[in-house]
Amino acid sequence: MCQSLKIGISTGSTICFSSFYDLQIDPQKTFSTVEPTIGLTIDYLPFKSKKVSIVTGVAFVQYSNAFRIEGHPYFPHKEGFPKIKQKYDGIKIPLCLGYNFDLGKRIWLNASFGVGVLLIRRASFYEYRQEKIDENINGSDYSLEYGFGFRSIEKTRFCLESNFGIQYDISDKVNIGFSLNYQQGIQPILSSILTFKVINKTNPFTLNGDSYVTSKGDAISTSINVNYRFGREAGLDKRQKKRG
């Protein structure tokens, strides 16, 4: 048995999703926001073939509950106020089982599946936000007055993880890669309550609304990573000897 370890640094962006339930309007809507991420990855390859790996690490993540007052019955299709976010952040620790596909002397494909633990900082988000936004929409002047608070926050949550990537060996010790990750939450992390008032100043009338916004940590992310391999045998050197 020949063991090796890869440690890397990754950076990228995350498209996270939240669900918006307007208590007066059906059906629910899903809003997405893009947030940055950075992390440390650890791949442990316990066997000589280096096909199977145990993948873990730590990533600093940011998610958000989002809403946008748009469309019927308030405005024409896809018109409305800008998207508003209630951001929160934390740490994600994945534990996945991976498999590596050797495509040549220097190129690897890899896939991994498992679970992740999300540790959310309660202090990372504002507990209540009250603002007013003025906007001209479809030729009329509007104001949006809203209060965005929270109903519950869970500091620890689990999620399902799947990751697909490609890596290129720069040398027998260093490689660079690109990965695509899908994350599926199991239970809500942040649940928010939104109360709002839409005021038409041009043709005076007022609409009042109540909504519920929640997120489970559902996200799609992309990242670029640089890895350094520790071990007596390096993958590139080993494959070159086989083909030599």
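Only one of the numbered conditions (1) part of a strand (DSSP E or B); (2) in contact with an Asp or Glu (Cβ under 8 Å, 6 or more places away or on another chain); (3) open to solvent by 80 Å² or more (accessible area, probe 1.4 Å) is not met by Q24, and that is (1). Being crowded, with 16+ Cβ neighbours inside 10 Å and either in contact with a strand residue (DSSP E or B) (Cβ under 8 Å, 6 or more places away or on another chain) or closer than 30 Å to F81 by Cα (or both) holds for only one residue in Q130, Q167, and it is Q167. Counting the residues of the stretch 170-198 that are within 17 Å of the chain's Cα centre (by Cα) and open to solvent by 60 Å² or more (accessible area, probe 1.4 Å) gives 5.
When K78 is tested against (1) touching a Lys or Arg at 6+ places or on another chain (Cβ under 9 Å); (2) on the phi > 0 side of the Ramachandran plot, exactly one condition is not met: (1).
Between Q62, Q130, the distinction of being modelled with pLDDT under 90, part of a strand (DSSP E or B) and of a type outside the set (D, E, K, R) belongs to Q130 only.
Candidates in the stretch 133-162 are the residues that are on the phi < 0 side of the Ramachandran plot and part of a loop (DSSP other than H, G, I, E, B); of these, the one that is surrounded by the most Cβ atoms within 10 Å (Cβ to Cβ) is E154. Residue by residue through the stretch 106-127, note down the ones that are within 30 Å of D43 (Cβ to Cβ), open to solvent by less than 30 Å² (accessible area, probe 1.4 Å) and not polar (S, T, N, Q). Answer for the stretch 106-127, where residues must be within 30 Å of D43 (Cβ to Cβ), open to solvent by less than 30 Å² (accessible area, probe 1.4 Å) and not polar (S, T, N, Q): W108, A111, G114, G116, L118, I120.
Table: residues versus (1) among the β-branched types (V, I, T); (2) modelled with pLDDT of 95 or more; (3) more than 13 Å from the chain's Cα centre (by Cα); (4) assigned to a strand (DSSP E or B).
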| position | (1), (2), (3), (4) |
| --- | --- |
| F20 | no, no, yes, yes |
| T30 | yes, no, yes, yes |
| T33 | yes, no, no, yes |
| P36 | no, no, no, yes |
| D43 | no, no, yes, yes |
| S53 | no, no, yes, yes |
| V58 | yes, yes, yes, yes |
| Y74 | no, no, yes, no |
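The values are calculated or read from the model by the stated rules, or taken from the named source; none is laboratory data. None of these values were measured; they are calculated from a predicted model. Methodologically, a virtual Cβ is constructed for each residue, glycine included, from the backbone with ideal geometry; neighbour enumeration extends over all protein chains shown. Calculation scope for accessible area: heavy atoms of the full protein, side chains included, ligands and nucleic acids excluded. Shrake-Rupley method; radii C 1.70, N 1.55, O 1.52, S 1.80 Å.
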